[in-house]
Amino acid sequence: MSVVNKAAVRRLYEEAFAQGKPEVLEEVLDPDFVCFDPNSERGEIRGAETMKGEIDYFRSAFPEDFFWRVEDQLAEGDEVTTRYTFGGTHKGEFFGVPGSGKRIEISGINIDRCEGGKLVEEWVSYNLLGAMHQAGAIPEPGQEEEDRATAGEEGEGEEEKGLMDKAKDKLMGQ
């Protein structure tokens, strides 16, 4: 059964999402399917119809060259763990960030539980922080200081310091 379960999960990512074939959902998802995604608005995504919206969302964010590549899969009993990479050229809104035109690749690991060869539950974990860095929505660690130094703003931007930096300066007597 592990081979059947792995194939169902692979079809979800590589056919339904990557190829934009929402009809595959009816073949691979149980009617009571639920995806637990801490990055989604409600923390969970239920049913094939909602998943069709997720496919549209990702394909709208990366309309030209969206891909979802399964890197590795392990299965034991009724569970399948999949390591993957997805992304493309960021042209549309993605988690509140307007299209940047930048190439973004997001890695993740999901665990799916299957019954009768169909996905029943899914727990997702993907590097959204890395995606936001790649899109330019948030600076890389240390980038702000580097930018200030390059612009010659060292020591001028007290009002630009964060609360923690201001507290540290106060404690250090600066």
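Filter the range 85-106 for residues that are touching a strand residue (DSSP E or B) at 6+ places or on another chain (Cβ under 6 Å) and either surrounded by fewer than 16 Cβ atoms within 10 Å (Cβ to Cβ) or under 22 Å from E41 (Cβ atoms) (or both) and give the result.
The answer is T85, F86, G87, H90, R103, I104, E105, I106.
Considering every residue within the range 68-77, establish whether at least one is surrounded by fewer than 16 Cβ atoms within 10 Å (Cβ to Cβ), out of contact with any strand residue (DSSP E or B) (no Cβ under 8 Å at 6 or more places or on another chain) and acidic (D, E).
So the first thing to find is which residues in the range 68-77 are surrounded by fewer than 16 Cβ atoms within 10 Å (Cβ to Cβ), and the list is 69, 71-72, 74, 76-77.
With out of contact with any strand residue (DSSP E or B) (no Cβ under 8 Å at 6 or more places or on another chain) added as a condition, the list becomes 76-77.
Going one step further and asking which of them are acidic (D, E), we end up with 76.
There is at least one residue in the range 68-77 that is surrounded by fewer than 16 Cβ atoms within 10 Å (Cβ to Cβ), out of contact with any strand residue (DSSP E or B) (no Cβ under 8 Å at 6 or more places or on another chain) and acidic (D, E).
Is it the case that G101 is free of Cβ contacts under 8 Å to residues at least 24 places away in the same chain, in a loop (DSSP other than H, G, I, E, B) and farther than 17 Å from E122 by Cα? Before you say what the answer is, go through the steps one by one.
On the way: free of Cβ contacts under 8 Å to residues at least 24 places away in the same chain: yes; in a loop (DSSP other than H, G, I, E, B): yes; farther than 17 Å from E122 by Cα: yes.
Yes; evaluated as a whole, the condition is true for this residue.
Evaluate the range 137-147: report whether one residue or more is among the charged types (D, E, K, R) and either modelled with pLDDT of 95 or more or surrounded by 17 or more Cβ atoms within 10 Å (Cβ to Cβ) (or both).
Here is the first cut: in the range 137-147, the residues among the charged types (D, E, K, R) are 140, 144-147.
So of that shortlist, the ones also either modelled with pLDDT of 95 or more or surrounded by 17 or more Cβ atoms within 10 Å (Cβ to Cβ) (or both) come out as none.
No, there is no match, as no residue in the range 137-147 is among the charged types (D, E, K, R) and either modelled with pLDDT of 95 or more or surrounded by 17 or more Cβ atoms within 10 Å (Cβ to Cβ) (or both).
Which residues, taken from the range 73-91, are outside any strand (DSSP E or B) and over 16 Å from L128 (Cβ atoms)?
Applying the first criterion (outside any strand (DSSP E or B)) to the range 73-91 yields 77-78, 90-91.
Matches in the range 73-91: G77, D78, K91.
Out of V28, V3, report the one residue that is surrounded by 15 or more Cβ atoms within 10 Å (Cβ to Cβ) and more than 16 Å from the chain's Cα centre (by Cα). First the steps, then the outcome.
Values: V3 fails: surrounded by 15 or more Cβ atoms within 10 Å (Cβ to Cβ).
When all the criteria are applied, what remains is V28.
Select the helices (runs of 4 or more DSSP H) contained entirely in the range 1-72, then report the ones holding at least 1 residues which are at pLDDT below 95 and of a type in the set (D, E).
Numbers: elements: 2-11, 24-28, 47-61.
The helices (runs of 4 or more DSSP H) meeting that bar are 47-61.
Residue by residue through the range 98-126, note down the ones that are acidic (D, E), within 18 Å of T85 (Cβ to Cβ) and out of contact with any helix residue (DSSP H, G or I) (no Cβ under 8 Å at 6 or more places or on another chain).
Of all residues in the range 98-126, those acidic (D, E) come to 105, 112, 115, 121-122.
Within this subset, residues satisfying the condition of being within 18 Å of T85 (Cβ to Cβ) are 105, 112, 122.
Of everything in the range 98-126, just one residue is acidic (D, E), within 18 Å of T85 (Cβ to Cβ) and out of contact with any helix residue (DSSP H, G or I) (no Cβ under 8 Å at 6 or more places or on another chain), namely E122.
Residue by residue, here is whether (1) touching a residue at least 12 places away in the same chain (Cβ under 8 Å); (2) over 13 Å from the mean Cα position of the chain (by Cα) holds:
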site	(1), (2)
E44	no, yes
T50	no, yes
I55	yes, no
S60	yes, yes
P63	yes, yes
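The values are calculated or read from the model by the stated rules, or taken from the named source; none is laboratory data. All values derive from a computational prediction rather than experimental measurement. Methodologically, a virtual Cβ is constructed for each residue, glycine included, from the backbone with ideal geometry; neighbour enumeration extends over all protein chains shown.
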